[in-house]
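One structure is given below, encoded as structure tokens.
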Amino acid sequence: MSTLVVKDLFVDYVSKKSVTHALQGFSAVFSSGINVIIGPSGSGKSTLLQTILGLLNYEGTVEFDHKNLDRTAPKDRNFAFVSQEYQLYPMYTVFDNIAFPLKIMGASKEEIKSRVYAIAERTELSVCLGRKPRQLSGGQQQRVAIARALVRNPVVCLFDEPFSNCDLKTREKARGWTKNILQEQGCIGIYVTHDFKEALLLADRIFVVNDGKKILEGTPTEVYDSPLPLIREMKEASAV
Ligand code: ADP
């Protein structure tokens, strides 16, 4: 089983007028499966993902399978990322959007075809492969973004509230197949949300963040049963 270990991460945003301490000694071990990061707005969740991707300057350590990545450029970390914005290439068809990372990797035409068809079937996009993004609904566009992230079997996939723009039904379905695909691939999924209900439904393990620090970690049941005031507030806010 793969592991992604982050140790004592510190990230500051510095401007002329102020300094924001966005991560303040965040440490965690993420294993294969879905690791949900939850916490209030501004608690450092997105900063944590950007740090793991190598997009921000940080103090501390990021290790994948015991290999230190602190000096490894984002493109060489080879982690996939899906955000709320679909960030599809508007001039490409759905097929070419999903195929893009495989082409960059130098996969053969046959392999590209078989992998794109397989993931399109899993994400219910088979009938859309010839369309351009503007001919798709918001939910379909988000599925293309996820299919594109997962098509190359990434070792780690980071999700930043990926379904927050989708309607409830789409969200429920998409969570189901995202979880299944990650499980089959043995991928480490790190999934940010502020929705406690979503965290409970999706997570193998939940990491609760506040003020740039991990304040609690456990299975969904352990976190649900925690007496911490923040957990009580999250339960009340999401009515679970
Ligand atoms: P979350 O994802 O939990 O909402 P963020 O990681 O986006 O939290 O933000 C953590 C803190 O860092 C917040 O106080 C936020 O205002 C601040 N922050 C985030 N991005 C920037 C930035 N680019 N410049 C300055 N401050 C930022």
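The values are calculated or read from the model by the stated rules, or taken from the named source; none is laboratory data. Predicted model, so just to flag it, every value in this text is computed and none were measured. Quick reminder, even Gly has a Cβ in these numbers, built from the backbone with ideal geometry, and neighbours come from all protein chains shown. Ligands, DNA and RNA are stripped out before the accessible areas are found, and what is left, the full protein with its side chains, is counted by its heavy atoms. Shrake-Rupley method; radii C 1.70, N 1.55, O 1.52, S 1.80 Å.
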Can you give me the ranges of the helices (runs of 4 or more DSSP H) entirely in the stretch 40-136 with at least 1 residues that are touching a residue at least 12 places away in the same chain (Cβ under 8 Å) and surrounded by fewer than 13 Cβ atoms within 10 Å (Cβ to Cβ)?
94-105
Can we say G176 is in a loop (DSSP other than H, G, I, E, B), open to solvent by 20 Å² or more (accessible area, probe 1.4 Å) and either within 16 Å of the ligand (Cβ to nearest atom) or among the small types (G, A, S) (or both)?
no
So which of F159, F207, F163 ends up being in a loop (DSSP other than H, G, I, E, B), under 21 Å from Q84 (Cβ atoms) and within 16 Å of the ligand (Cβ to nearest atom)?
F163
In the stretch 1-39, which residues are within 16 Å of C157 (Cα to Cα), in a strand (DSSP E or B) and among the hydroxyl-bearing types (S, T, Y)?
T3, S31
For F159, indicate whether it is under 13 Å from the mean Cα position of the chain (by Cα), touching a residue at least 40 places away in the same chain (Cβ under 8 Å) and surrounded by 18 or more Cβ atoms within 10 Å (Cβ to Cβ).
yes
Residue check, V223 outside any helix (DSSP H, G or I) and either touching a helix residue (DSSP H, G or I) at 6+ places or on another chain (Cβ under 8 Å) or within 16 Å of the ligand (Cβ to nearest atom) (or both)
no
Restricted to the stretch 10-32, and to residues that are in contact (Cβ under 8 Å) with a residue 24 or more places away in the chain and over 16 Å from D211 (Cβ atoms), which residue is most open to solvent (accessible area, probe 1.4 Å)?
V29
Quick one: would you say K17 is away from the ligand (no atom under 12 Å from the Cβ) and over 27 Å from R175 (Cβ atoms)?
no
